[in-house]
Protein chains: 2
Amino acid sequence: MSPKTDRDEFARIAHFFAPLASASEDALGLKDDAALFETGRVREMVVTTDALVARVHFLENDPPGLIAKKLLRVNLSDLAAMGALPRAYLMVLGLPKEVGDDWLEAFALGLREDQETFGVTLLGGDMVAIPGPLMLTLTLLGESGEEGVMTRSGARPGDNVFVSGTIGDAALGLNVLKGGLVGLDEVAADFLIARYRLPEPRLELGKRLCGLARAGTDISDGLAGDLGRICGVSSVGGRINASRVPLSAAARAALEREPSLMEVILGGGDDYELLFTAASEAESEITALGDAIGLQLTVVGTILEGEGVSIVDDSGAEIVLNNLGYKHF
Amino acid sequence: MSPKTDRDEFARIAHFFAPLASASEDALGLKDDAALFETGRVREMVVTTDALVARVHFLENDPPGLIAKKLLRVNLSDLAAMGALPRAYLMVLGLPKEVGDDWLEAFALGLREDQETFGVTLLGGDMVAIPGPLMLTLTLLGESGEEGVMTRSGARPGDNVFVSGTIGDAALGLNVLKGGLVGLDEVAADFLIARYRLPEPRLELGKRLCGLARAGTDISDGLAGDLGRICGVSSVGGRINASRVPLSAAARAALEREPSLMEVILGGGDDYELLFTAASEAESEITALGDAIGLQLTVVGTILEGEGVSIVDDSGAEIVLNNLGYKHF
């Protein structure tokens, strides 16, 4: 086998990644054992870490630049879910031997573009050879805004349950990539795939929900599963009205052809929209917020006394899902 | 196949890892998308991230508690290398399906013990199924002390090159675990294996070297390779006198049986001792520091004008190593 690179770990870091850290003196040019992080006047940082694994979270032939952006964005979404402002990140790349410099170059370019989009900078990391599939880990450091943070634990009976954007697109997009949804028109299929590959972290929404919403999270494990977690942590129950769940035109087209896809839409993950609850008095203010930032915010259900999440149709009859959210184990 | 667990990801986190985060309200009980980190009056944080991969950094049948401690300690060593004080960590576990609850329980117990030893707490993390070998990633957050931090970049010609402790033990220990060093007595073999499996982060030394040493790092890629990195970043050269490199009794015994092991000792990694340079005027102060903290500090070489690292014997003749430091790619 011919090696895909003549560069060793340090040369690869210097060539591909040091430029991503050059805007920050804190990164020390990626030449030290650790990096500095100036906290300035910030008293409370918000930190998160999330991994993507080939064959689990992305497909091995996905474009490297999109994988890079998804890695950054799933972590950005965690900060969005708390209403925090992202600042800098550290990254560990577990790379199989087959990953060559071409792949790294495209990966680094994706990071560079999203660093500019979201105003974050690389602080440090590690690169290791792994005798298995690609595993990418990112730790994101941010700060809370003036209103503090939004957590999963504040939902109360009577709250409206809101979602941003449209639901189910990413799960349907994965379905397309795996050869499903045959016959769906190409524009719709491309839209769904793009929603799977390139989530849009709702940072502006999250920031503005602090002090306005009572509980919130991002939808990474599926609408039903993630509402279940809010309810569990808040010691309340929840009900989703399936007909109110906002769908994209592409998802509607898919659903018309195959009504059983409702299960994928409600149970599938990876949308990275925000899911939050708010007192009913806040409804008009939240609607106005959606208008102000150009993002659809829809009431899809209600928080109740009790526990557990039920999904009902327009007649009030319960819809039972077999698979509430992606389970790793 | 019978599953090794009835617990899903969230139940595993709640059962095994939430107790490790309970000392810190900032972790929000591991129930949220991200964690908080109170910076208090700290203006400068120090952050690092490092991964361990099965079959690369540890052997799959190594005791899980020791793997946990090594994961924490290699990151603690990065903060020691900069003279920073550790505070909290985030962790991503990439687990093959075969990893059962017994393994996680022993792993979590190892973390608990080292959390107490080093005064750090779990802030958050992620757990993913991985279709490959175990991959563990940890991000450690700390703060710089009053004297700031030590970096790799300050070495100057004429500086003494110091190491802490003894060199080469870990690489020899790995050699034993792989079936090498046959005939070495059992006590020596056990000592070397322990040095490989359970590094001792030199946090107290690192803290006290700030303002006293000119450049420093920890030895994770081998004495020769890590000095090479200090020299590269500092734009100087270096010379190591092989006969001055401090060896444990076990390493000496191994070397007597097989003199070619000098290459393993000088080039092998994973000792996690500190390697630092200091002006010759500081030598007596550094000796006194070693006495004060009960840690052997030895001059092993000199910083020179120029570039590159050479290793010489007592006659001044150069020793050429084939393998300077572990290379991942």
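The values are calculated or read from the model by the stated rules, or taken from the named source; none is laboratory data. The model shown is predicted, which means the values in this text are computed figures rather than measured ones. For neighbour counting, all protein chains shown are included, and Cβ atoms are generated from backbone atoms with ideal geometry for every residue, glycine included.
Residues in segment B:269-289: is at least one closer than 28 Å to residue B:66 by Cα, part of a helix (DSSP H, G or I) and not aromatic (Phe, Trp, Tyr)?
Applying the first criterion (closer than 28 Å to residue B:66 by Cα) to segment B:269-289 yields B:269-276.
Restricting the remaining residues to those that are part of a helix (DSSP H, G or I) gives none.
No, segment B:269-289 has no match at all.
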Exercise for the section: Could you give me the residue pairs with C-beta distances under 7 Å whose first residue belongs to segment B:119-133 and is more than 7 Å from chain A (Cβ to nearest Cβ) and touching a residue at least 40 places away in the same chain (Cβ under 8 Å), whose second residue is in a strand (DSSP E or B) and basic (Lys, Arg) wherever it lies, and which are 6+ apart or on separate chains? Expected result: B:120/B:87
Completion exercise
Checked segment A:234-245 for anything surrounded by 17 or more Cβ atoms within 10 Å (Cβ to Cβ) and either touching a helix residue (DSSP H, G or I) at 6+ places or on another chain (Cβ under 8 Å) or more than 17 Å from residue A:317 (Cβ to Cβ) (or both); matches are A:234, A:236, A:237, A:238, A:240, A:242, A:245
Exercise for the section: Confirm whether residue B:132 is outside the structural domain of residue B:214 (by TED's automatic domain parsing), assigned to a strand (DSSP E or B) and either surrounded by fewer than 24 Cβ atoms within 10 Å (Cβ to Cβ) or in contact with a strand residue (DSSP E or B) (Cβ under 7 Å, 6 or more places away or on another chain) (or both). Expected result: no
Exercise for the section: Output yes when any residue across segment B:42-50 is of a type in the set (A, V, I, L, M) and more than 7 Å from chain A (Cβ to nearest Cβ), and no when none is. Expected result: no
Exercise for the section: Filter segment A:177-228 for residues that are within 18 Å of residue A:263 (Cα to Cα) and within 12 Å of chain B (Cβ to nearest Cβ) and give the result. Expected result: A:219, A:220, A:221, A:225, A:226, A:228
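Any idea which of B:97, B:70 is closer than 17 Å to residue B:129 by Cβ, touching a residue at least 12 places away in the same chain (Cβ under 8 Å) and of a type in the set (Lys, Arg)?
Values: B:70 fails: closer than 17 Å to residue B:129 by Cβ.
Of the residues listed, the single one that is closer than 17 Å to residue B:129 by Cβ, touching a residue at least 12 places away in the same chain (Cβ under 8 Å) and of a type in the set (Lys, Arg) is B:97.
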Problem - Yes/no for residue B:39 being among the β-branched types (Val, Ile, Thr), crowded, with 18+ Cβ neighbours inside 10 Å, out of contact with any Pro (no Cβ under 8 Å at 6 or more places or on another chain) and within 21 Å of residue B:199 (Cα to Cα) - result: no
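Condition check ((1) over 22 Å from residue B:196 (Cα atoms); (2) more than 10 Å from every other protein chain (Cβ to nearest Cβ)) across all residues:
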| position | (1), (2) |
| --- | --- |
| B:53 | no, no |
| B:56 | no, no |
| B:66 | no, yes |
| B:79 | no, no |
| B:117 | no, yes |
| B:139 | no, no |
| B:156 | yes, yes |
Exercise for the section: Within segment B:194-207, identify whether any single residue is surrounded by 24 or more Cβ atoms within 10 Å (Cβ to Cβ) and at positive phi, and answer yes or no. Expected result: no
Handout entry: Failed criterion for residue A:143 (all others in (1) within 28 Å of residue A:43 (Cα to Cα); (2) more than 8 Å from chain B (Cβ to nearest Cβ); (3) out of contact with any Pro (no Cβ under 9 Å at 6 or more places or on another chain); (4) modelled with pLDDT under 95 hold)
Key = (3)
Completion exercise
Listed by first then second residue, the pairs whose first member lies in segment B:232-253 and is more than 14 Å from residue B:302 (Cα to Cα), whose partner is part of a strand (DSSP E or B) and aliphatic (A, V, I, L, M), with beta carbons under 8 Å and at least 6 positions apart or on separate chains, are B:233/B:215; B:246/B:163; B:246/B:300
